[in-house]
Amino acid sequence: DMMEREIRLAGFPKVTYYDAALGYTTNSNTISSGFVTVNSTDLIFEGDINEDGIVDVVEYRLNGTVLERSAVAKPGGVTAATPAFKTLAENVRSLAFTYFDSGGNSTGTAANVKRVTVDLNLSTNFVDPENRRLRTVSATTSALAKNL
């Protein structure tokens with residue numbers, strides 16, 4: 001749920017939300033540039049996810065079998081944000097991000113992404129005593145970035 005909710009805020013707010021007289025650019029920490037990195041196990045985007053007027057740089061990544069998330073304030077200027085990862089889930093068997101453009105076609109170009117599908121598969125730490133297998137759970141969601 002959190003991933004889907006945050007992905008929907010990618011690209012918010014964009015430069016057209018503000019009066020041009022303010023002089024905001026995509027280097028400002030009040031303007032989101034949308035998706036930054038898009039690959040199968042790492043997603044980085046900008047958006048004001050907590051609606052405090054400061055854009056956040058959000059990253060979800062698979063680090064071995066650990067799903068990690070970082071959400072830090074976007075620094076102004078050309079300085080890159082320094083991620084601060086926290087564990088969201090362990091025992092991740094697989095994580096796959098798939099990206100689509102406005103026509104519904106698969107894309108690997110960050111500037112063209114309008115929708116993201118997330119496929120996540122997890123397992124338990126221990127074998128189930130009855131069937132001697134790890135229990136697994138799978139979740140799939142699709143999120144439309146409304147602001148791009």
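Each residue of segment 18-23 was assigned a 3J(HN,Hα) from its phi angle through the Karplus curve 6.51 cos²θ - 1.76 cosθ + 1.60 (θ = phi - 60°); the sequence is 10, 5, 4, 5, 6, x Hz, with glycine and proline shown as x. The heavy atoms of Lys86 present about 140 square angstrom of accessible area, all protein chains included, probe 1.4 Å.
Element breakdown for the chain at a 1.4 angstrom probe: carbon and sulfur atoms account for 49% of the accessible area. Per residue, the average separation of C-alpha pairs within less than 8 Å and at least 6 apart gives segment 1-108 a relative contact order of 20 percent.
Placing a pseudo-label 7 Å from each Cα along the Cα-to-Cβ vector at Thr16 and Ala84 gives an inter-label distance of 3.4 nm.
With a sphere of radius 11 Å drawn around the Cβ of Thr136, what net charge do the other residues whose Cβ falls strictly inside it have (Lys, Arg +1; Asp, Glu -1)? Once positives and negatives cancel, what remains is +2.
For segment 18-102, the list of GluC sites (Glu not before Pro) that fall in a loop by DSSP and count at most 11 other C-beta atoms within 10 angstrom reads Glu51. The residues of the chain have, on average, 56 Å² of accessible surface per residue, using a 1.4 Å probe with all protein chains present. Summarising the label geometry, the points placed 7 Å from Cα in the beta-carbon direction at Val127 and Ala73 lie 5.1 nm from one another.
So, R0 is 35 Å and r is the distance between the beta-carbons of Ser138 and Ile54; what FRET efficiency does that work out to, to 0.05? Step by step, r from the Cβ atoms, then E = 0.50.
The values are calculated or read from the model by the stated rules, or taken from the named source; none is laboratory data. Keep in mind it's a predicted model, so treat the numbers as computed, not measured. Glycine gets a Cβ as well: all are built from the backbone with ideal geometry, and neighbour counts include every protein chain shown. The protein model used for the area step is the full one, side chains on, heavy atoms only, and it has no ligands, DNA or RNA in it. Shrake-Rupley method; radii C 1.70, N 1.55, O 1.52, S 1.80 Å.
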